[in-house]
Amino acid sequence: MLDLWERGARRHPLDRALLLLASVHPDHALLDLADVSIGQRDQALIAWRSAVFGSVMPGYVDCPACQTRLEFALDGAVLRSQAHDTPLRVDDLVLRRPTSRDVAEALKKADPQQAAYLLAQRCCIGNEGELPTLSAAQLDKIETTLADADSAADIVLNFCCEQCGNSWQSTFDISDYFWREIEARAATLLIDIDTLAQAYGWSEHEILALSDARRSAYIDRVLA
């Protein structure tokens, strides 16, 4: 956990997601995993997060209208779905689902509309490697088709504030959620290491070799 946190602490969120995916598939290179579709990536991360921290995902969100904080819990089993990889069609265009590499290239565009256009272009396969010119109608169709065909890559949560009645939607990013949990876990481990090292003179390796229950018991004795 600490090694993973250290390697991803100063990386872009997109690279962090690939680091998490690489932990699921340690026999694959990061460059190869960059070509896994976003839906397949996120489904793998949901499964791994559930294995590490459990299937329940607690969270909170602030109402954009009245700022009331709403607490909620997601079930990883409910979020699981089949991430397909079969080609799609829009008019005479054949599409594939976007990958981390596609998103990385699109993020190089400062203008969001240009980024969306490039992402749609890159998802068009064929054309002997050349990016097609897309009309506004085709762009809309491509975006809709990709969103409808791969819900695993675009998880949207519906919220309703009990305080003011405001309703809104928010996307759920499993890689960001999972990484925040890893950061919190790493911070706790570092505090435990510092506390036990000062109290007993143990090395980091010796402290991390303890089970969570035994390490916690020692912490309780030091702080008593």
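The values are calculated or read from the model by the stated rules, or taken from the named source; none is laboratory data. Given the structure is predicted, the values throughout are model-derived calculations rather than measurements. Quick reminder, even Gly has a Cβ in these numbers, built from the backbone with ideal geometry, and neighbours come from all protein chains shown. Remember, those area values only see protein heavy atoms, side chains included, never the ligands or the DNA or RNA. Shrake-Rupley method; radii C 1.70, N 1.55, O 1.52, S 1.80 Å.
Taking Cβ atoms as reference points and 12 Å as the exclusive limit, the residues near HIS84 contribute a net charge of -1, counting Lys and Arg as +1 and Asp and Glu as -1. Across region 1-132, the convex hull enclosing all Cα atoms gives 180 Å³ per residue. As a rough guide to protection, the peptides 97-103, 37-43, 5-11 ranked by mean Cβ packing within 10 Å, highest first, stand as 37-43, 97-103, 5-11. Ranking MET57, MET1 from most to least accessible surface, computed with a 1.4 Å probe over the protein chains only, gives MET1, MET57. Measuring spread by the Cα atoms of the chain yields a radius of gyration and Dmax of 21.5, 71 Å.
What the pair-distance distribution of region 6-58 shows, using all Cα-Cα distances binned every 5 Å from zero, is 4, 19, 28, 25, 17, 5, 1 percent. The Rg/Rh ratio of region 151-223, with both radii computed over alpha carbons and Rh defined as the Kirkwood radius, is 1.28. The dipole here belongs to the chain: it is taken about the Cα centre, uses +1 on the Cβ of Lys and Arg and -1 on the Cβ of Asp and Glu, and is about 260 debye. Using the 1.4 Å probe convention, the accessible area of region 59-206 works out to 61 Å² per residue with neighbouring protein chains retained.
When the accessible area of region 1-91 is split by element with a 1.4 Å probe, what percent falls to carbon and sulfur? Numbers along the way, then the final one.
Details: 2740 of 5320 Å².
The computed percentage sits at 51.
Calculated mean residue ellipticity, 222 nm, the chain: -16000 deg cm²/dmol, from DSSP H runs (n ≥ 4) at -39500 (n - 2.57) each, averaged per residue and rounded to 500.
By the 4.7 Å beta carbon criterion, which cysteine residues of the chain come out unpaired? Within the chain, the cysteines lacking a partner Cβ under 4.7 Å are CYS123, CYS124, CYS160.
Taking the charge dipole of region 26-119 about its Cα centre, with +1 at Lys and Arg Cβ atoms and -1 at Asp and Glu Cβ atoms, the residue from ALA115, PHE53, ALA104 reaching farthest to the positive side is PHE53. One Cα centroid belongs to region 21-67, the other to region 89-106; the line between them spans 21 Å.
Taking a temperature of 37 °C and a viscosity of 0.692 mPa s, what whole-number D in µm²/s does Stokes-Einstein yield for region 91-164 with Rh from Kirkwood over alpha carbon pairs? Diffusion coefficient, whole number: 239 µm²/s.
Taking the Kirkwood radius as Rh and the Cα radius of gyration as Rg, region 19-89 has a ratio of Rg/Rh equal to 1.10.
Hey, what did the chain get for relative contact order, percent, Cα under 8 Å, at least 6 apart?
20 percent
Using a cut-off of 11 Å between beta-carbons, work out the net charge of the residues near ALA22 (Lys and Arg +1, Asp and Glu -1, ALA22 not included). So the surrounding residues net to 0. Across region 161-178, computed HN-Hα scalar couplings (Karplus, 6.51 cos²θ - 1.76 cosθ + 1.60, θ = phi - 60°) run 7, 6, 6, 10, x, 5, 10, 7, 10, 8, 7, 10, 9, 5, 5, 5, 4, 4 Hz from first to last residue, x flagging Gly and Pro.
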